[in-house]
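Peer 1: Sending over a structure as structure tokens; questions will come in a sec.
The values are calculated or read from the model by the stated rules, or taken from the named source; none is laboratory data. These numbers were taken from a predicted model, which means no experiment stands behind them. Cβ coordinates were reconstructed from backbone atoms using ideal geometry, including for glycine residues, and neighbour counts include every protein chain displayed. Protein only, heavy atoms only, side chains kept; ligands, DNA and RNA dropped before computing areas. Shrake-Rupley method; radii C 1.70, N 1.55, O 1.52, S 1.80 Å.
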Amino acid sequence: MKRVLFTPGPTQLPAEVLEAMARPIIHHRTDEYRTQFLEMTRLLAEHLGTTQPILTVTCSGSGAMEAAVANVLSPGDEAIVVEGGKFGDRWRVICEAYGVTPRMVSVPWGRVATVEQAESALAAHPKAKVLFLTHSETSTGALFPAQEIARAAKARGVATVVDAITSYGVYDLHFDRSDLDCVVWGSQKGMMIPPGLGFVCFSARGWALAEKARLPRYYFNLLKARSELERGDTPFTPAISLVLAAYAAALLMAKEGRAQVFERHQRNADATRRAAEALGLTLFAEVPSNTLTAVTVPAGVDGGAVMKTMEQRYGVKIAGGQNQLKGKIFRLGHIGYYDEGDILRLVGAFESALVDHGFKAEPGTALRAAQESYRRAAK
């Protein structure tokens, strides 16, 4: 059976990415590699909307988050951490591991923090040097107002570091025109390649912080990474095949066009949400992200059984809730390499599996709602 991933990471891989990874490996200290590596970083910067260097680190997205913390702070520093889910809370865990005191802005999972809440924390903790937050909270499907919070932080002289692991490639972050000082992301989401690469981009103010930071770092020394990038290299052996896959993916995104990539994600998200709502289901997130649609498991339905049926009978793999949300939500991913036909398959399988497990719905309800959403978008 053909099986398709509709999880919020890893995501489906384009044929061009698979082909790039299947080629014989090349050596990384060669002009052949450097040419493709540098062009890949240029294309990623273009997609982010920046002229700043994009640093590539062989690690997961969480490694990129740790690299950001280690390069902007010093022992004993304080930081504001905005969290409303598993991955926002990861900033707290990393800060504590490095001896940084996190000052929390916490909201119930599924909700999003407001600018006013961030401003209140900034006023209450004037020693904080950096504010950390997750833009698209993958564990809840919620989209946080990163740009607006960054603007409030900048007004108080505080830098903003954003986890864009599931928003890069989905939203136009227009980095150079924003008040963001650092953005991190990973390879297995909107980048459409397997896990294993982390990416970091600093603003000029972010680099100024990095030059003063005194937290210990060796592998994650981003000043050294920037210096090596100027020569087309990385400080350590890179994941060569993944870099070449990232180059192939970046070419695909450039060919489609920045605006078109963002618009496609909007259409796919709208169609998925309309399908869920047409079934009478409840969206879990207060402000839904275009990365994934989180849906509350309806009463009397075994969410785990629905997911198992989707995968084993219909060949569609989605994700469930994590931590305190385990068994309580479905997470339908539509980040990356998906088009209209893919989403129609997703919502059709979702509806069918629900009905298979006792949920009452008229056959075709979800499919019709998604189709109508696409028709409206095309007008």
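Peer 1: Could you work out which residue, out of Y337, Y218, Y247, moves most in a Gaussian network model of the chain, that is, has the largest mean-square fluctuation with Cα springs under 10 Å?
Peer 2: Y218
Peer 1: About its Cα centre, how strong a charge dipole does the chain have in debye, to the nearest 20, once Lys and Arg get +1 and Asp and Glu get -1 at the Cβ? Mind showing how you got there, number by number?
Peer 2: Values: 43 positive and 39 negative charges, 53 e Å.
The dipole magnitude comes to about 260 debye.
Peer 1: So, in Å, what gap is there between the alpha-carbon centers of the range 257-309 and the range 80-159?
Peer 2: If you average the Cα positions of each part, the centres end up 25 Å apart.
Peer 1: In addition: Under the rule a/c < 1.5 gives rounded, and otherwise a/b versus b/c splits prolate from oblate, where does the range 1-140 land using the Cα gyration tensor? List each step's numbers first, then the result.
Peer 2: Numbers: a/c = 2.55, a/b = 1.65, b/c = 1.54.
In terms of gyration-tensor shape, prolate.
Peer 1: Okay, moving on. Pick from I26, I149, I329: which residue has the top mean-square fluctuation in a GNM of the chain where Cα pairs under 10 Å get a spring?
Peer 2: I26
Peer 1: Taking the chain as the reference, fit the longest principal axis to its C-alpha atoms, fit the long axis of helix 258-278 to the helix C-alpha atoms, and give the angle between the two in degrees, 0 to 90, nearest 10.
Peer 2: So the helix axis and the longest Cα principal axis differ by about 40 degrees.
Peer 1: So if each residue of separation counts as 0.36 nm, and I subtract the Cα-Cα distance between S106 and Y374, what length gain in nm does that give?
Peer 2: Details: separation 268, 0.36 × 268 = 96.48 nm, distance 3.60 nm.
Contour length minus the Cα-Cα distance gives 92.9 nm.
Peer 1: First compute the accessible area of the range 132-226 with a 1.4 Å probe, then give the percent of it belonging to carbon and sulfur atoms.
Peer 2: Details: 1540 of 2890 Å².
Carbon and sulfur together cover 53 percent of it.
Peer 1: Between D339 and K127, take the C-beta separation as r, use R0 = 35 Å, and let me know the FRET efficiency to the nearest 0.05. Working shown, then result.
Peer 2: Values: r = 49 Å, r/R0 = 1.39.
Calculated transfer efficiency: 0.10.
Peer 1: Note the angle between two axes, namely the Cα long axis of helix 31-48 and the longest principal axis of the Cα atoms of the chain, as a number of degrees from 0 to 90, rounded to the nearest 10.
Peer 2: 70 degrees
Peer 1: Work out the charge dipole of the chain with +1 on the Cβ of Lys and Arg and -1 on the Cβ of Asp and Glu about the Cα centre, then indicate which of S241, M310, A20 is farthest towards its positive end.
Peer 2: Sorting the options by dipole projection puts first M310.
Peer 1: On to the next question. Local charge sum around L122 (other residues, Cβ-Cβ under 14 Å, Lys/Arg +1, Asp/Glu -1)?
Peer 2: Details: positive: R103, K127, K129, R151, K154, R156; negative: E78, E116, E119, E148, D179.
Taking every Cβ under 14 Å from that of L122, the sum is +1.
Peer 1: In whole Å, what is the distance between the alpha-carbon centres of the range 2-74 and the range 190-230?
Peer 2: 13 Å
Peer 1: Leaving out ligands, DNA and RNA, what percent of the accessible area of the range 9-90 is carbon and sulfur, probe 1.4 Å?
Peer 2: Heavy-atom surface of the range 9-90 belonging to carbon and sulfur, 1.4 Å probe: 53 percent.
Peer 1: Quote to one decimal, in nm, the extra length available between Q324 and R42 on full extension: 0.36 nm per residue of separation minus the C-alpha distance between them.
Peer 2: Working: separation 282, 0.36 × 282 = 101.52 nm, distance 3.99 nm.
Gain on stretching Q324 to R42: 97.5 nm.
Peer 1: While we're on this one: What does the accessible area per residue of the chain come to in Å², with a 1.4 Å probe and no ligands, DNA or RNA counted? Mind dumping the intermediate values first?
Peer 2: Working: 15150 Å² over 379 residues.
About 40 Å² of surface per residue is accessible.
Peer 1: If you take the square roots of the eigenvalues of the alpha-carbon gyration tensor of the range 314-369 and sort them as a ≥ b ≥ c, do you get rounded (a/c under 1.5), prolate (a/b over b/c) or oblate?
Peer 2: Details: a/c = 2.29, a/b = 1.11, b/c = 2.06.
Here the range 314-369 falls in the oblate category.
Peer 1: Shifting gears a bit: Place a +1 charge on the Cβ of each Lys and Arg in the range 1-143 and a -1 charge on the Cβ of each Asp and Glu, then give the dipole magnitude about the Cα centre in debye, rounded to the nearest 20. Before the final figure, lay out each step's value.
Peer 2: Working: 13 positive and 15 negative charges, 57 e Å.
In total the dipole reaches around 280 debye.
Peer 1: Carbon-plus-sulfur fraction of the accessible area of the range 298-379, 1.4 Å probe, in percent? Kindly include the intermediate steps, with their values, before the conclusion.
Peer 2: Details: 1940 of 3970 Å².
Carbon and sulfur together cover 49 percent of it.
Peer 1: Ok, one more. Once you have a ≥ b ≥ c as the square roots of the Cα gyration tensor eigenvalues for the chain, tell me rounded if a/c is under 1.5, and otherwise prolate or oblate according to whether a/b is larger than b/c.
Peer 2: On the way: a/c = 2.01, a/b = 1.32, b/c = 1.53.
Cα axes put the chain in the oblate bin.
Peer 1: Under the definition of Cα pairs under 8 Å and six or more residues apart, what whole-number percent is the relative contact order of the range 61-167? Write out the running numbers ahead of the final one.
Peer 2: Values: 204 pairs, mean separation 30.3, N = 107.
Result for the range 61-167 is 28 percent.
Peer 1: Distance check, please: which entries in K326/K360; K2/K360; K2/K255; K255/K379; K86/K360 exceed 29 angstrom between their Cα atoms? Numbers along the way, then the final one.
Peer 2: Details: K326/K360 23 Å; K2/K360 27 Å; K2/K255 27 Å; K255/K379 23 Å; K86/K360 32 Å.
Result: K86/K360 exceed 29 Å.
Peer 1: Using a 7 Å offset from the Cα along the Cα-to-Cβ direction at both A254 and A97, what is the distance between the two label points in nm, to one decimal?
Peer 2: Each label point lies 7 Å from its Cα, and together they span 3.4 nm.
Peer 1: Kindly provide the trypsin sites (Lys or Arg not before Pro) of the range 168-227 that DSSP labels as loop, not H, G, I, E or B, and whose Cβ sees at most 12 other Cβ atoms within 10 Å. Walk me through the intermediate numbers first.
Peer 2: Details: sites: R177, K189, R205, K212, R214, R217, K224, R226; in loops: K189, R214, R217.
Those satisfying the criteria are R214.
Peer 1: Here's a follow-up. Given springs between every Cα pair under 10 Å in a Gaussian network model of the chain, which of F262, F144, F330 has the largest fluctuation?
Peer 2: In the Gaussian network model the winner is F262.
Peer 1: Could you calculate the contour length gain from K317 to R3, that is, 0.36 nm times the residue separation minus the distance between their Cα atoms, to one decimal place in nm? Please list the in-between numbers first.
Peer 2: On the way: separation 314, 0.36 × 314 = 113.04 nm, distance 0.72 nm.
In short, 112.3 nm is gained.
Peer 1: While we're on this one: Mind checking the angle between helix 365-378 and the chain's longest principal axis? C-alpha axes, 0 to 90 degrees, to the nearest 10.
Peer 2: 50 degrees
Peer 1: So, one more: Can you tell me the FRET efficiency between E277 and A204 if r is taken as the Cβ-Cβ distance and R0 is 41 Å, rounded to the nearest 0.05?
Peer 2: 0.40
Peer 1: Return the distance in nm (one decimal) between the two label points of a simple spin-label model at D31 and A299, each offset 7 Å from Cα along Cα→Cβ.
Peer 2: If labels sit at D31 and A299, their model points lie 7.1 nm apart.
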